[in-house]
Amino acid sequence: CVRGDSVTPRDSLGLKGLRSSMGALTAYLLAYNAACMLGWGYALVLGMGSLAETGGDLTKVWGAAHVPLEIVQWAMLLEIIHALTGAVRSPVFTVFMQVMSRIVALGVVLVAPPVATHWACGLMALSWSLVEVPRYAFYLNALVSPKGTEGTVYPIFWLRYSLFAVLYPSGITGECMTMIASLGTAELAAFVGGWAPLLIKLNLLLYVPGSPFMYLNMVKNRKSAFKKRYPPPEKPKPPERGTQFPKDPKGGRSTTVAGKAVIAEALRGTGTPAGEKAAEKVLREKNWRFKYNKHYMAMVRLGCESPEAALGVAKRGLEWMHSQMEFIAPDGTSGSFKEVVAKAEGSFCTGQVDGSGSPGALSYRVPYDGGWHPTSPKAPPKNKVVEGDSLKALAAKWADKGVIEPDAAQAMCWTSDYFASGKSLQGVYFVMIGAGSAMGPFPKLLELGATVVAIDIPGSWGKGGPRPTAGLWKRLCDTARNSPGSIVFPMSKPQTDCKSDQEMYEASGCDLMNQPGEIANWLVEWQKTLPASAQVVIGNYTYLDGDLHVKLALCADHCIAKLCEARKSTAVAFLCTPTDIHVCTDAAHAAALKNYGSGLGSLGLEKVANLLSGGKFLVKNALKPVKAGSKTINLVDGLSVAQGPNYALAKRMQHWRACLAFEAGHTVSSMVAPSTATISVIHNKSFAWAYGGMPYFGYEVFKQETTNAVMAMLLMHDALNPATPKNPKNRKSEGIDNTLELFRTQAVHGGLWTCAYNVNSIGEVSALIYFAGVAAPILSAVSVMAVGAIGFYQMIYFKEITGSA
């Protein structure tokens, strides 16, 4: 069941964008919404009038109101065209289903006239009318309001987002009972060569999973709409300090203006006319929030055309960020990030906690009890681990299934054998920017004897509150104490001055966005205490929402660059998100091509779904290769528009640093990680439902514990194995001519690269597949009950008709 009154707020957002220019399209939408509102209003008046005249007899309602109701209901077919043409920004597939569900119910009444006098038909007509009048009034108000949907009259706004609570159940009841009643009519039995009754029964079964889904969706929309209209009062903003976006022409700090400027500059770094042309297109883009992805794709494709282009993009992009972003010192003085941060002279004291454990006989263990699924959401139990031959067999299995790349499986096997031989990570130093990250390798590194240099937020924050950050440092230090490794960390005062562990925790940590210069100074000083032969790896594992992620990425980049400059042998590490644009292997590209047309495609359904969604669903994953001289480079587009341009920029900066560091001779452990069911992701039910259906398309969604262990395993491999493809000394044997090809090696993509369809085009379909699976046993039971109930109801209804005749 999909209701016409459940259109998401996206359609109204589209109207908001149109209201500023009263052109022909806006005039048409005004006329359309006004006409529909009046039509439904007239039907409502006729229906309510009939109730008043007959003392509440629902059997007379349809007969009284059907003429205007049928006209405006047929007119709703135009809304599919509106979505297809972009007249309003509504999801085509959703609109199609919403409108056609109504059309099916209307068609039943037209094909089987006897049901027009059924009480359910009257209930359906009143429910539709009551919900459509305020809905069209809402859209009409949004068109003429200077503030769009946020400026609608409150009574209309409230009705738009509240009536569904009653009218969904009443409308669904009316539709279902009308269809059931039609099954007892001779007219329907003879329609479509006798197939109509079966089709109606199948349609009724769709109401079982569809009704709750759409109802809960509207509950979510209501909550979002009210929160947007009545946001909590903003707290007074403190003075600007630390890392900031540059001032825009209007005096603000627009991330859009800066985001466009840096990508345009990066494109110019290709040194080609095509790059210059692409840069101009970026600067002219008016809808950066929702169209930035196509410009990122252009940048990556142009970068793939030559090694020089890739390096030029990386160099110009990072240079812009360092020179154009601003930094405001504690005393209020400001300037470019590069200039102000370079003047920082301060540093930190050094704290250290050594573990009491002994490396002993080590064995690399990966927690694993299968992929994540809504039916198996918990972390693997402690006794569910794979190691040794079982771990190597799992790696081979994943590679065979296309969940990871073969060289990633080989790296896993090498690492397993390394520790099985009695070796450990003692004498290897890992600098973790964002040591407390849920996706970071911190506990695994300590478990195997490494020294972790932990950089994370100050432990003094939140003191006396419900969640003091000293708790983070307690967790990190306790983990180190119970391991054979050690933790080193910056402190605001000497460790010897701390009278207790609690005092030490509160003095630990640093503020990356406000102290990047001091942190870099401390890292450079610390590395001087190490032997020249010591292995040092520095990785960025930070994340925050929105523009803060970009700021963190810039500050972390400064620290990475300074440490690499001071110690030429330093290796660099990043955890690549699967939702980005990456160079992929020829084998993965071939697998995606081969898989296209299987599954849904074997029934021809992929084309139908793609067509009905306006090209949104089940889009072909394999892209046209990029010609790079005598070779071709394949790409996979996992970039998720919903994540936003700030997230994309922060991750692209990591790509840029990886390219430049690799070219400069540094080992760069930068692998694509799989889709992982972290708490922050599965908290969003839509993502959880999609994850539940993605295995149908060949994905394996990893549990967080499994991802942590596998990605840490690959990090260790790159730090320990001189033959790693991440070592630039091996680039010739690995065929890495262009630094962007670095990202095709050792990928743990979870099936994203080999899937037939683009990851952004399977979300809704995956959710439906998941619900179909969940509903299968329920549908079986309901089907048996429904057949009996329908048969019984048909018998009673038939007797009523024949008796009245």
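If you stretched the chain out fully between Thr59 and Gln324, how much longer would it get, using 0.36 nm times the residue separation minus the C-alpha to C-alpha distance?
88.3 nm
Once the dipole of the chain is set up with Lys and Arg at +1 and Asp and Glu at -1 on Cβ about the Cα centre, which of Val759, Gly693, Ala52 lies farthest towards its positive end?
Ala52
Could you tally up the Lys pairs in segment 229-295 with alpha carbons closer than 12 Å? Skip any pair fewer than 8 positions apart unless they're on separate chains. Walk me through the intermediate numbers first.
Details: Lys260/Lys281; Lys260/Lys286; Lys260/Lys291; Lys281/Lys291; Lys281/Lys294.
Count of close lysine pairs: 5.
Compute the helix-to-body angle for 470-481: its Cα long axis versus the longest principal axis of the chain, expressed 0 to 90° and rounded to tens.
Helix 470-481 sits at roughly 60 degrees to that axis.
Grab the Cα-Cα distance for Val608 and Val641, subtract it from 0.36 nm times how many residues apart they are, and report the gain in nm with one decimal.
Length difference between fully extended and current span is 9.5 nm.
Taking a label point 7 Å from the Cα of Met297 along the Cα→Cβ vector, which residues of segment 618-659 have an amide N closer than 14 Å to it?
Once the point is set 7 Å along Cα→Cβ of Met297, 618-626, 635-642 turn out to lie under 14 Å by backbone N, inside segment 618-659.
Once amide H atoms are built 1.01 Å from N in the peptide plane, which residues 5 or more positions from Ile538, or in another chain, come under 5 Å H to H?
Val431, Ala571, Val572, Ala573
With a 1.4 Å probe and all protein chains kept in place, how do Leu159, Leu69 rank by accessible area, largest first?
The ordering from most to least exposed comes out as Leu159, Leu69.
Any idea how far apart Ser733 and Val219 come out in nm if each label point goes 7 Å out from Cα toward Cβ?
Reported label-point gap for Ser733 and Val219 is 5.9 nm.
What ranking of Ile679, Ile762 comes out by heavy-atom accessible area, probe 1.4 Å, highest first?
If we order Ile679, Ile762 from most to least accessible, we get Ile679, Ile762.
Once Rh is set to the Kirkwood radius over Cα pairs, what Stokes-Einstein translational diffusion coefficient, in µm²/s, holds for segment 68-142 at a temperature of 20 °C and a viscosity of 1.002 mPa s?
In µm²/s, the coefficient is 159.
To the nearest 0.05, how large is the calculated FRET efficiency for Arg241 and Ala393 if R₀ is 51 Å and r is the Cβ-Cβ distance?
E between Arg241 and Ala393, to the nearest 0.05, is 0.45.
If I model a spin label at Leu198 and Asp586 as a point 7 Å from the Cα along the Cα→Cβ vector, what separation in nanometres do I get?
The two pseudo-label positions are separated by 4.9 nm.
Specify the angular offset, from 0 to 90 degrees and rounded to the nearest 10, of the alpha carbon long axis of helix 547-566 from the longest principal axis of the alpha carbons in the chain.
The two axes meet at around 20 degrees.
Distances over 20 Å make up what percent of all Cα-Cα pairs in segment 119-276?
When every Cα pair of segment 119-276 is considered, 71 percent fall beyond 20 Å.
What are the residues whose amide H is under 5 Å from the amide H of Ala628, where those residues sit 5 or more places off or on another chain and H is modelled from the backbone?
The list, which skips near neighbours in sequence, is Ile633.
Based on Cβ point charges of +1 for Lys and Arg and -1 for Asp and Glu, what charge dipole magnitude is obtained for the chain about its Cα centre, in debye rounded to the nearest 20?
760
Ignoring ligands and nucleic acids, what accessible area does Asp417 show with a 1.4 Å probe (Å², nearest 10)?
Spelled out: Asp417, probe radius 1.4 Å, area about 80 Å².
Give me the one-decimal nm value for the distance between modelled label points at Asp354 and Lys463, 7 Å along each residue's Cα-to-Cβ direction.
2.9
Please report the base-10 log of the normalised intensity I(q)/I(0) for segment 146-227, using a Debye sum with one equal scatterer per alpha carbon and no solvent, at each q in 0.14, 0.15 (1/Å).
One equal scatterer on each Cα of segment 146-227 leads to -0.64, -0.68.
Quote the FRET efficiency, to the nearest 0.05, computed for Thr85 versus Val144 with a Förster distance R0 of 22 Å and r equal to the Cβ-Cβ distance.
0.50
Got a number for the accessible area of Leu575? Probe 1.4 Å, square angstrom, nearest 10.
Here the accessible area works out near 40 Å².
Can you pull out the trypsin sites (Lys or Arg not before Pro) in segment 533-637 whose DSSP state is coil and whose Cβ has at most 14 other Cβ atoms within 10 Å?
Details: sites: Lys551, Lys562, Arg567, Lys568, Lys594, Lys607, Lys616, Lys620, Lys627, Lys631; in loops: Arg567, Lys568, Lys616.
Listed in order of number, the matching sites are Lys568.
For segment 98-206, treating each Cα as an identical point scatterer without solvent, what Debye log10 I(q)/I(0) comes out at q = 0.09, 0.17 1/Å?
The computed values of log10 I(q)/I(0) come out as -0.31, -0.79.
Sort largest first and round to whole Å: the equivalent ellipsoid semi-axes of segment 32-88, each the square root of five times a Cα gyration tensor eigenvalue.
In descending order the semi-axes read 29, 10, 7 Å.
Between Tyr696 and Ala189, how high is the FRET efficiency from 1/(1 + (r/R0)^6) when r is the Cβ-Cβ distance and R₀ = 51 Å? Nearest 0.05.
Taking R0 as 51 Å, the efficiency between Tyr696 and Ala189 is 0.90.
Where does each of Glu280, Glu53, Glu339 land when they are ordered by accessible area, with a 1.4 Å probe and the largest first?
From most accessible down to least: Glu53, Glu339, Glu280.
Could you give the spread of the C-alpha atoms of the chain along their three principal axes, from largest to smallest, in whole angstroms?
Principal extents (Cα only, largest first): 102, 63, 61 Å.
So if each residue of separation counts as 0.36 nm, and I subtract the Cα-Cα distance between Thr375 and Met439, what length gain in nm does that give?
Values: separation 64, 0.36 × 64 = 23.04 nm, distance 2.25 nm.
Result for the pair: 20.8 nm of gain on full extension.
Give me the accessible area of Glu79, 1.4 Å probe, in Å² rounded to the nearest 10.
Here the accessible area works out near 20 Å².
If amide hydrogens are placed 1.01 Å from N in the peptide plane, which non-local residues have theirs closer than 5 Å to the one on Thr243?
Under 5 Å from the amide H of Thr243 lie the amide H atoms of Ile328, each far enough along the sequence or on another chain.
If one takes the longest principal axis of the Cα atoms in the chain, at what angle in degrees, from 0 to 90 and to the nearest 10, does the Cα axis of helix 307-324 lie?
With both axes taken from Cα atoms, the answer is about 90 degrees.
The values are calculated or read from the model by the stated rules, or taken from the named source; none is laboratory data. Small disclaimer: the values here were computed from a predicted structure and weren't measured. No Cβ is skipped: glycine too gets one built from the backbone with ideal geometry, and neighbour counts run over all protein chains shown. Accessible surface is based on the protein model in full, side chains and every heavy atom, while ligands, DNA and RNA are left aside. Shrake-Rupley method; radii C 1.70, N 1.55, O 1.52, S 1.80 Å.
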